């Protein structure tokens, strides 16, 4: 029983953590939270199933195409839903534009793909064992993303540029950094991470359009708890969330588990609105 | 609100009818409008999609053979999207707007619960295939008929199979959180107890939960000897079957017909997991003892092949039910015309309508038309050309 | 005096032409007429749709105050529809309590809805926008899950029968008229709130929160009131919804429905009643025109939302705002009339100075202000100058309560000003303007100025809701005072113009008019001359002097040394958070260090 809770909990926690990182990467580039993060996760699974299971492509090609699809959606989000509203005085329009875009994609997927969960292909032809690939694939994906982002931010020029734009937008522009291209690149990167989350989690979550609202919510909880823009906090919070959720499932059963998770979330958030590890927010007057 | 184009058309049509009173021949060629409320999209659409294939085929055939008394049947479809709100809107349009003669549907219980009272107020005869027991009431809703089994009939067959044929006394009953699922569990647990079984586990689980292992482990530690799932959600059912297989736990799974659907099969991790899975099904569309189908069913399968209708991702009985329903309605109208009271009167005396899916019969006091003895249990992995064989130990 | 007063009434010809209240009510009257006569031409089917539109509007009218006026992104409001529907149905069905009459059940549902509206809404006070939006979504899911799980009460997945209202509301058209009546009442009530100080205060919180606080508006109390009302109304809509459906199950309360409500408001336009009303009707009716549209309805709503957000953020209301399409004169001059100040400000307030004693505040390692002494005397103009980053605005923010000093004290009449109570400053008659004008762009200039007088209103929210006499008296007084203030600063001809059409200099004077509504004992001006022409700076100076002469103590933070030297009685020069020099303008002009560091030779 315990190993089941731990393996499922950590696996799904890694998926939530990856979606949280998707939120964070978009936030760092634009100071905007986008509702499309959960939708990216959903598309990773749907595109993977479409390319590999339905269209019969080899796993590697289908994988790359799914990630490419995520990147495309990330860029579309930036161009259509983020860039136009960044200029406006009303700071909250981005909530609405990204919500609209996310809804459009979810509904389109529901109608054109299916309203029922569709099978996700088995990626590696290994026999099913105790520690099955549906559990270690998300963990592997999460580890690779964390390590990859670390390398990117610390050791590459473009990574430094991302950090600069995130830290101080105006200073970065004054230094001549191409803000718009960097933002698009950030959103493309976020798209890839989101799609990777959905692809790696496909065997567990199946290719299902309703994964989008679920991931939108559960992927945001680690962001809120770990502090905005804080990837390490997001990963820790994501894992804790996954474990807590599976434990609640076991202890109180399906319906009440989500009530319990949500109640805990809102209590923690009300106590520490900036997250457990975040910095308090100073308002400009 | 300005008068809509539809309103204008309807009044223009009425005017045309009045002016044509002197020429009955023209009026007789008007199509017969049949309202149809399937859930073709949305979370509970698998039933609707399957039924739809049968209905469309039947209406085409009837119309190709000249219709009813020279009048073509016209299906007016309003997709409820698995949403009771849209079902109510659709029902209102079919009755007040389109003025259909009969309504078939909705196909999901949650939607029917809202629509049945509305159709009763609109004095429109209704035939629906939903299973929840409270959905027919000859006194409150004299115009509402059910051409499918009730939850009691379905559950009765399944429960009897587990307790009396498989001789398992400790049972785990699990459903998803839809109206159908929760109603089923509520109905079947007392039924099992009444049969002398011991319900060691009873639960409603969110169908989207990716991991059902804790639930099955709980069942196992409570000593369950059989698992009975009640849900039309292929994802949920497949997860139960897969988890049982992963655990290597050798207990039979007995329950909802969707356990045998093509959708569920597609989501299985290993084909062998489908062994020892016994869903409900219906005798007319199953292989009898000698491995043969009835002539009626064979003829139907041929028609489906000719019409290139796909069965692999759905269930044959859904298509068959969809096929039978307009034919039963057409039969009624051939005999007594299209007035509501006449149709209801005819149905109240219907001794036997020989459908592909089942032999339907109604009386004035019993609006549940499906016969008990045609509800059977089958073996899921005996699926061949859309039909199943009866489950082992099942009498002839 | 009366002739002067009549000259200032907005009904006189001005820049945009007269705006009569009748023309504003005309669309509502038209809808009322159509609605009342609907059974004559609509059939049974459209009757169901029309009833549904009325029920949805009942909920949306209340949510409109939260989202459209208050700017809170409450996406999951369907939770309250669910609560109201189940409460009413369960109470009428009598499976938990003895069966209650439907009207009583509806009233109880309203109370339950009010309480839960408050619970769901309160996190808005602590959380940032996106976080709050997500929590409302979570609440919506939770309520549905509880409805599913609590089978003994709600019937679980099987649901429960909806209430049937007694004759004459039991028949289809009877019930339609009942819902229509409730919808009409809700329209009237929310329109009253929109045209009250509460409605304007909500828009101020939405678009100019710091200015709202400076005007004394307490966000928690106001939002709390609105959540209570909105929750109650949504629950009533839930009871009506249950009756319309005649049977409710948890799967009827979809997230799609919640999105519909939310999008109806955004499409209609924020800060409007008519817009969201038309939006609700549009979104209810749209899928019914073509059967294929039903499946794509949520997709269409999302597309509409995206188009509105990107192209016409003001929504339908902006499209219908013909008044504000007429061009404004291009050579407008701001001509203040300081002679009106006496009537506006009244008698000089009690003597007593506003003093800062050794105030210090650091941000991290930076000493923003370090050991600052300052005294602002009534009737005098005190200038505060210094290079960028010297701590001028920080000082002003400390006085007005936006920052808290770490050492030292700020005293008024000798008593220390309470910390963390920035909206109380208005009650102490301390008013301010801002470095960048904070105004409600989509409201008129007059409404923006009226926001300044919010705390002078005496009527309660309920009195505004029902348009009782005290509310109307408040409005009339507020309107007259605001017109007077606008005349005093020279902008009365622009009173009905939408504020975001104004030039930058006009916005600065608008802020001053708004601040004057408080009849301030102390007025803090943050770089009021920035962006003004030379002519306008002259007039500004005359206005400030006149304000001081009526007894107000004025603190002017500025970059323009000429303005400072012309009008100030005392000047303090800051550099790197410390006082470099303090004294009369003549002294400062000659001060060697000041000349070197700041003024130049």
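The values are calculated or read from the model by the stated rules, or taken from the named source; none is laboratory data. Everything quoted here is computed from the prediction, not taken from an experiment. Virtual Cβ from ideal backbone geometry, glycine too; neighbours counted across all protein chains shown.
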The residue that is surrounded by the most Cβ atoms within 10 Å (Cβ to Cβ), considering only those in the range B:17-47 that are out of contact with any helix residue (DSSP H, G or I) (no Cβ under 6 Å at 6 or more places or on another chain) and modelled with pLDDT of 90 or more, is B:36
Across the range A:43-80, the tally of residues that are closer than 17 Å to residue A:189 by Cβ and within 14 Å of another protein chain (Cβ to nearest Cβ) stands at 4
It is to be established whether one or more residues within the range C:549-572 are assigned to a helix (DSSP H, G or I), crowded, with 24+ Cβ neighbours inside 10 Å, modelled with pLDDT of 90 or more and touching a strand residue (DSSP E or B) at 6+ places or on another chain (Cβ under 6 Å).
no
Out of curiosity, is residue A:170 more than 21 Å from the chain's Cα centre (by Cα) and either away from chain C (no Cβ under 14 Å) or over 22 Å from residue A:35 (Cβ atoms) (or both)?
yes
Criterion violated by residue A:100 - all others in (1) away from chain C (no Cβ under 11 Å); (2) without any contact (Cβ under 8 Å) to a residue 40 or more places away in the chain; (3) under 19 Å from the mean Cα position of the chain (by Cα) satisfied:
(1)
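Given the options C:182, C:210, name the one that is touching a residue at least 60 places away in the same chain (Cβ under 8 Å), under 30 Å from residue C:457 (Cβ atoms) and facing another protein chain (nearest Cβ under 9 Å).
C:210
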Which condition number does residue A:56 fail, the rest of (1) surrounded by 22 or more Cβ atoms within 10 Å (Cβ to Cβ); (2) at positive phi being met?
(1)
Considering A:6, A:2, A:80, A:76, which residue is free of Cβ contacts under 8 Å to residues at least 60 places away in the same chain and within 30 Å of residue A:251 (Cα to Cα)?
A:2
Number of positions in the range B:85-119 that are farther than 14 Å from residue C:244 by Cα, modelled with pLDDT of 90 or more and more than 10 Å from every other protein chain (Cβ to nearest Cβ):
7
Give the number of residues within the range A:82-94 that are crowded, with 23+ Cβ neighbours inside 10 Å and facing chain C (nearest Cβ under 7 Å).
0
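Check whether at least one residue in the range C:246-261 is away from chain B (no Cβ under 14 Å) and within 28 Å of residue C:312 (Cα to Cα), and report yes or no.
no
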Hits in the range C:148-164 (condition: more than 10 Å from every other protein chain (Cβ to nearest Cβ) and either in a loop (DSSP other than H, G, I, E, B) or closer than 15 Å to residue B:113 by Cβ (or both)):
C:154, C:163
Members of the range A:204-242 that are assigned to a helix (DSSP H, G or I), within 14 Å of chain B (Cβ to nearest Cβ) and buried (at least 24 other Cβ atoms within 10 Å of the Cβ)
A:205, A:211, A:212, A:215, A:216, A:218, A:242
How many residues does the range B:311-360 contain that are without any contact (Cβ under 8 Å) to a residue 24 or more places away in the chain and under 27 Å from residue B:389 (Cα atoms)?
1
Under the condition of being more than 14 Å from every other protein chain (Cβ to nearest Cβ) and in contact (Cβ under 8 Å) with a residue 60 or more places away in the chain, which residue from the range B:68-84 is farthest from residue B:105 (Cα to Cα)?
B:69
Tell me, which helices (runs of 4 or more DSSP H) wholly within the range C:17-107 include 1 or more residues that are within 14 Å of chain B (Cβ to nearest Cβ) and under 27 Å from residue C:155 (Cβ atoms)?
C:44-64, C:78-93
Take residues that are loosely packed, with under 13 Cβ neighbours inside 10 Å and over 17 Å from the mean Cα position of the chain (by Cα) and tell me which of the helices (runs of 4 or more DSSP H) falling wholly in the range B:283-396 contain 3 or more.
B:295-306
Can you name the condition, by its number, that residue C:321 falls short on among (1) without any contact (Cβ under 8 Å) to a residue 24 or more places away in the chain; (2) more than 14 Å from chain A (Cβ to nearest Cβ); (3) more than 28 Å from residue C:42 (Cα to Cα)?
(1)
Need the failing condition index for residue B:130 against (1) more than 8 Å from chain C (Cβ to nearest Cβ); (2) over 17 Å from the mean Cα position of the chain (by Cα), just the number.
(2)
Test result for residue B:275, within 23 Å of residue B:355 (Cα to Cα) and either in contact (Cβ under 8 Å) with a residue 12 or more places away in the chain or within 14 Å of another protein chain (Cβ to nearest Cβ) (or both)
no
Scan the range C:179-197 for residues that are in a helix (DSSP H, G or I), in contact with a helix residue (DSSP H, G or I) (Cβ under 8 Å, 6 or more places away or on another chain) and farther than 14 Å from residue C:440 by Cβ and jot them down.
C:179, C:180, C:182, C:183, C:184, C:186, C:187, C:189, C:190, C:191, C:192, C:193
I'm told residue B:232 meets every condition in (1) closer than 25 Å to residue B:376 by Cβ; (2) more than 14 Å from chain C (Cβ to nearest Cβ); (3) at pLDDT below 90 except one. Can you identify the failing condition by its number?
(2)
With (1) over 28 Å from residue C:255 (Cβ atoms); (2) touching a strand residue (DSSP E or B) at 6+ places or on another chain (Cβ under 9 Å) as the list, and residue C:195 as the residue in question, which single condition is left unmet?
(2)
Scan the range C:436-455 and give yes if some residue there is more than 18 Å from the chain's Cα centre (by Cα) and under 27 Å from residue C:324 (Cα atoms), otherwise no.
yes
Output the residue which, of all residues in the range B:187-214 that are assigned to a helix (DSSP H, G or I) and within 14 Å of chain A (Cβ to nearest Cβ), is nearest to residue A:202 (Cα to Cα).
B:213
Kindly indicate whether any position in the range C:439-450 is at pLDDT below 85 and within 14 Å of another protein chain (Cβ to nearest Cβ).
no
Given the criterion outside any strand (DSSP E or B) and more than 28 Å from the chain's Cα centre (by Cα), identify the matching residue among C:331, C:373.
C:331
Collect the residues in the range C:514-536 that are under 21 Å from residue C:331 (Cα atoms) and outside any loop (DSSP other than H, G, I, E, B), keeping them in residue-number order.
C:534, C:535, C:536
